[in-house]
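Only one structure is covered here, and it is reproduced in the block below.
The values are calculated or read from the model by the stated rules, or taken from the named source; none is laboratory data. Bear in mind that the values here come from a model prediction, so they are computed numbers and not experimental data. For neighbour counting, all protein chains shown are included, and Cβ atoms are generated from backbone atoms with ideal geometry for every residue, glycine included. Just the protein is used for accessible areas: all its heavy atoms, side chains included, with ligands, DNA and RNA removed. Shrake-Rupley method; radii C 1.70, N 1.55, O 1.52, S 1.80 Å.
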Amino acid sequence: MSAESVLIPDDRAFSNFKEECWSEEGWSLTYNKTGMTVWTQTIGGDEEKSLHKIKCRMVCKDVPAETMYDVLHDIEYRRKWDSNVIETFDIGKLTVNADVGYYSWKCPKPLKNRDVITLRSWLPMGSDYIIMNYSVKHAKYPPKKDMVRAVSIQTGYLIQSHGPNHCTLTYLAHVDPKGSLPKWVVNKSSQFLAPKAMKKISKACLKYGEWKQRHTPGYKPWLYPEQTTLPTIPVSELSIQHADSLENIDESTLSEMQTREERDSD
């Protein structure tokens with residue numbers, strides 16, 4: 001991918017993502033309990049402030065891969081089960097398997113809430129499914145004053161089927177959260193928040209069938225692109241969102257105790 005061009009991922013990009021999900025080279029194991037494994041990877045020389053990659057894998061013995069794929073796609077259902085979501089919506093489609101969307105989420109006080117604009121693409125590969133995204137800029141959706149615009153360098157999910165009711169979900173994220181987040185926040189996200197979020201997704205899958213029966217059961221534009229009502233966006237309206245072009249709000253002086261105290265007082 002060139003420095004400025006917005007490109008829709010091709011088959012090679014999906015294959016490379018899948019390979020990285022299963023690669024162990026350069027990754028440090030930070031968590032391994034009851035079907036949940038987390039690895040981290042430091043990018044750059046400064047351990048305190050460098051970007052971190054995170055990889056989280058969860059074995060789901062009671063969830064079909066197809067259901068997991070639907071739950072990760074369905075933004076109407078996400079509004080129900082994702083307690084961290086502030087706002088999420090699709091902006092427009094690029095192709096039958098690529099779109100642009102907005103997502104904002106709550107961060108523990110006194111950190112500021114985050115949001116992203118991403119180009120998202122998806123592809124079934126045999127019995128596997130991939131959903132991945134990276135940050136883009138759109139003139140109609142500039143950064144908001146009360147949010148920190150985070151940057152997804154590459155984030156995504158690999159869902160692998162192991163039978164009719166058994167799948168593995170791998171989450172891979174290379175994100176610049178901006179705001180000079182202190183090291184303990186990154187550590188906490190890898191060892192506590194990521195597994196917690198993955199378990200929440202798994203629980204949401206168990207209730208999806210019943211919920212979907214009551215909410216437009218046949219509507220799944222990620223499977224049936226002819227159902228989409230999104231406007232088509234030309235790629236020329238988008239540009240790469242570079243992390244260094246965004247205001248860097250300094251949160252590095254926040255202590256873990258401050259955050260605990262403010263969260264407990266809510």
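Things to note:
- Top-ranked residue of region 54-96 - restricted to ones that are open to solvent by 40 Å² or more (accessible area, probe 1.4 Å) and in a loop (DSSP other than H, G, I, E, B), ranked as farthest from GLY209 (Cα to Cα): VAL96
- Cβ-Cβ under 7 Å pairs, at least 6 apart or on other chains, region 25-44 side on the phi > 0 side of the Ramachandran plot and modelled with pLDDT of 90 or more, far side part of a strand (DSSP E or B) and open to solvent by 60 Å² or more (accessible area, probe 1.4 Å): GLY35/VAL59
- For THR155, the conditions (1) among the β-branched types (Val, Ile, Thr); (2) open to solvent by 50 Å² or more (accessible area, probe 1.4 Å); (3) in contact with a Leu (Cβ under 8 Å, 6 or more places away or on another chain) are fulfilled apart from (2).
- Given (1) among the β-branched types (Val, Ile, Thr); (2) farther than 13 Å from CYS205 by Cβ; (3) touching a residue at least 40 places away in the same chain (Cβ under 8 Å), index of the condition VAL63 fails: (2)
- Search result, residues across region 102-116 that are under 12 Å from the mean Cα position of the chain (by Cα) and buried (at least 17 other Cβ atoms within 10 Å of the Cβ): TYR103, SER104, TRP105, ASP115, VAL116
- Looking across region 168-196, the residues that are in contact with a Phe, Trp or Tyr (Cβ under 8 Å, 6 or more places away or on another chain) and either closer than 20 Å to ILE153 by Cα or modelled with pLDDT of 90 or more (or both) come down to LEU169, THR170, TYR171, LEU172, SER190, ALA194.
- Failed item in (1) assigned to a loop (DSSP other than H, G, I, E, B); (2) within 17 Å of PRO225 (Cα to Cα), with PRO108 passing the rest: (2)
- Inclusion of VAL6 among residues that are open to solvent by less than 80 Å² (accessible area, probe 1.4 Å), in a loop (DSSP other than H, G, I, E, B) and at pLDDT 90 or above is warranted.
Here is a yes/no grid of residues against (1) part of a helix (DSSP H, G or I); (2) open to solvent by 60 Å² or more (accessible area, probe 1.4 Å); (3) of a type in the set (Gly, Ala, Ser):
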| position | (1), (2), (3) |
| --- | --- |
| LEU193 | yes, yes, no |
| LYS199 | yes, yes, no |
| SER202 | yes, no, yes |
| TYR208 | yes, no, no |
| TRP211 | yes, no, no |
| GLY218 | no, no, yes |
| GLU226 | yes, yes, no |
| ASP244 | yes, yes, no |
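- Pairs where the first residue, in region 114-141, is more than 15 Å from GLN160 (Cα to Cα) and the second is in a loop (DSSP other than H, G, I, E, B) and hydroxyl-bearing (Ser, Thr, Tyr), C-beta under 6 Å, 6+ apart: ILE117/TYR141
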